[in-house]
1. Out of the residues in the range B:364-404 that are in a helix (DSSP H, G or I) and facing another protein chain (nearest Cβ under 9 Å), state the one that is farthest from B:Y61 (Cα to Cα).
2. Can you tell me which of (1) over 16 Å from the mean Cα position of the chain (by Cα); (2) buried (at least 22 other Cβ atoms within 10 Å of the Cβ) is the one A:P126 doesn't meet?
3. Within the range B:351-370, can one find any residue that is farther than 27 Å from A:G176 by Cα and surrounded by fewer than 18 Cβ atoms within 10 Å (Cβ to Cβ)?
4. Residues in the range B:1-11: is at least one buried (at least 23 other Cβ atoms within 10 Å of the Cβ) and in contact (Cβ under 8 Å) with a residue 40 or more places away in the chain?
5. Need pairs with beta-carbon distance below 8 Å; first residue among the hydroxyl-bearing types (S, T, Y) and within the range B:227-241, second surrounded by fewer than 20 Cβ atoms within 10 Å (Cβ to Cβ) and outside any helix (DSSP H, G or I); sequence gap 6+ or separate chains.
6. Give the residue that is farthest from the other protein chains (Cβ to nearest Cβ), with candidates limited to residues of the range B:350-361 that are touching a helix residue (DSSP H, G or I) at 6+ places or on another chain (Cβ under 9 Å) and more than 26 Å from B:N75 (Cβ to Cβ).
7. Pairs only if they're at least six apart or on different chains, beta carbon under 9 angstrom, first in the range B:90-119 and on the phi > 0 side of the Ramachandran plot, second part of a loop (DSSP other than H, G, I, E, B) and β-branched (V, I, T); list them, first residue then second.
8. Does A:K82 fit the bill of being outside the structural domain of A:G52 (by TED's automatic domain parsing), crowded, with 19+ Cβ neighbours inside 10 Å and either basic (K, R) or at pLDDT 90 or above (or both)?
Amino acid sequence: MSKELIDAIVNMKEKEAVDLVKKMMDKGEDPMTILGACKDAMDSVGKRFEKGEFFLPELILAGEMVRQISEILKPKLTGELKTKRLGKVIIGTVKGDIHDIGKDVVVFMLDVNGFEVLDLGIDVPPQKFVEAVKDFQPAVVGLSGFLTLAFDAMKETVEAIAKAGLRDRIKIMIGGGQIDDEVRKYAGADAYGSDAMEAVSLTKRWIGGK
Amino acid sequence: MGKTGEELYNERTKRVRDAIALKVPDRVPIWFQDASFFPAKYTGMTFREAMYDSDKLFAAYKKTFLDFEPDLYFNPGHALHTPGEALDAVRCKQVILPGQGIPVNHSFQFVEAEYMKADEYDEFINDPTGFTICKYLPRVYETLKPLQNIPPITGLLLGYFGMPLSAGFAIPEIASALGSFYKAGLIVQKHQAKAVAFVKEMGDLGFPLACGAITLAPFDLIGDTLRGLRGVLLDMYRCPDKLLAAIDKVTPLMSGLALAQAKATGNPGVFIPLHKGSDGFMSLEQFEKFYWPSLKKLILTLIDEGLTPCPFFEGDHTQRLEYLADLPKGKILGFFDSTDIYKAKKIIGKTMCMSGFMPLSLLQTGTPEKVKAYAKELIDVVGKDGGYIMGPKSAMDEANPELVKVWFNFTKEYGVYR
């Protein structure tokens, strides 16, 4: 039934997927198997997004299905799904900017591509990035920003990381609305990406991947 | 002797009209498009002041126009929406203002939320007005929360038998809610009077106004202000028929809104900022089903009424260009952001005049050489044989005035059609 569940999720059949999970639980299926199927389905959704077959509605609905399924499984779950992680990435929207759509897509794509992602949220001050780099020890930091005010906020964030002596340990990528190579130079980042797929390929190049 | 304001006005108006009609003007027109907070930055006031002091705001715009001499402009009353004081009077939750949770020199930012729940489509479709009063306003404006208990307006259809309902309006909470709306209205009214005087003064000084109205694509109305992005995208799968019915319902409302404003301002330009239909947001198939038909209908209605739709194609619309090529020729001024300039010229160059494309990164962090080089490319490619107005990709809040000067001077010099 795992195969059916994967198909239901990938084909965006929300009710079918949730009903299937309930049925599987009634039959005594191991919740970990169901979680594994969800993970496989999300990988497949991510691949279709990369190919330009899926867009935001599918990412959001797939996430919503897995959230509902996790709620059903929760009481019966004994452990966490152990997956091999390729490396750590921190993502956040820089100080003063509260936009999250682009950032969320990048987080989703990095996650389904096997990276361990710490999402710091929106309006993240430079110091919070610095603390997170110290604690979480990522290899890559991604700064997101939609408004032009993000140019300076990105520059300040890169400078704060450098000032804390952490710049050499990490690669920094930037992206969002008006971000391009000019802003990369201005902010002192290592690269910019124009979409979530570029964020994934940059991260893979830096960390190494599948 | 310099030219008079009237001569300048006529010269610029002709230049812009020629560009929109896809004729070759004397040179490529240039403007700030949405100058947004640039005049505030240029004249040294905070973004917060720009939103709270209409006099200072209009003075800043005037100085900026006189110094840079754009061929066309956007009314700052539009660009900056509503004075901060009016939004405060009703405690608007839908926007964060400079100095309120974000620094005084940051632009205001929109806060999306589910102001209409997924199960309220029928209620909205059956009675948009009632929904607006009893559900929407109470959720968006804190002081208007008591309006959720307003007496049923249709009760007044009983004629004078309905009059007892008026007591409901005198309940202290409702009276105070309506009072806060009245207070906001007075502030907006004062601001609008200043805006009208500003438009008149700018006209006398030789600067034509681009748009007298603003409206939204029907899909965006549902997505931006009612359901939020997440909500509207889930609805595409969960209740597509209801979403489409709501879009149908608001389409004439969106054109009617534009017509009423255009009539009031006497200016035919209708600004339509597009938000959720660009490449990357949804597939072409979804665009064709949910986004494009109602937007096309809106644009065609406005053109039929003699207006000039000015859609802002925010983000990248390269994959959507073939749809745009279908629209009537020489009747639209499209603002463009990250769409591919070569494909845009090739596919819709003979359909609509294009404005924009100038990277804000260059105007903010570039060098004079880079600014000139890119402006040259835009004039050579998009400006070839007319149909282009030089402008920035998006709101140019943080641009560097020196680079903007270089950009304006270069365009006025190199952009001459010989």
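1. The qualifying residue farthest from B:Y61 (Cα to Cα) is B:K370.
2. Of (1) over 16 Å from the mean Cα position of the chain (by Cα); (2) buried (at least 22 other Cβ atoms within 10 Å of the Cβ), only one is false for A:P126: (2).
3. no
4. Within the range B:1-11 (the criterion being buried (at least 23 other Cβ atoms within 10 Å of the Cβ) and in contact (Cβ under 8 Å) with a residue 40 or more places away in the chain), the answer is no, since none of the residues qualifies.
5. If the second residue must be surrounded by fewer than 20 Cβ atoms within 10 Å (Cβ to Cβ) and outside any helix (DSSP H, G or I), the pairs left are B:Y237/A:M12.
6. B:T351
7. B:G99/B:T46; B:G101/A:I98
8. It is false that A:K82 is outside the structural domain of A:G52 (by TED's automatic domain parsing), crowded, with 19+ Cβ neighbours inside 10 Å and either basic (K, R) or at pLDDT 90 or above (or both).
The values are calculated or read from the model by the stated rules, or taken from the named source; none is laboratory data. Note that the structure is predicted; figures quoted are calculated from it, not measured. No Cβ is skipped: glycine too gets one built from the backbone with ideal geometry, and neighbour counts run over all protein chains shown.
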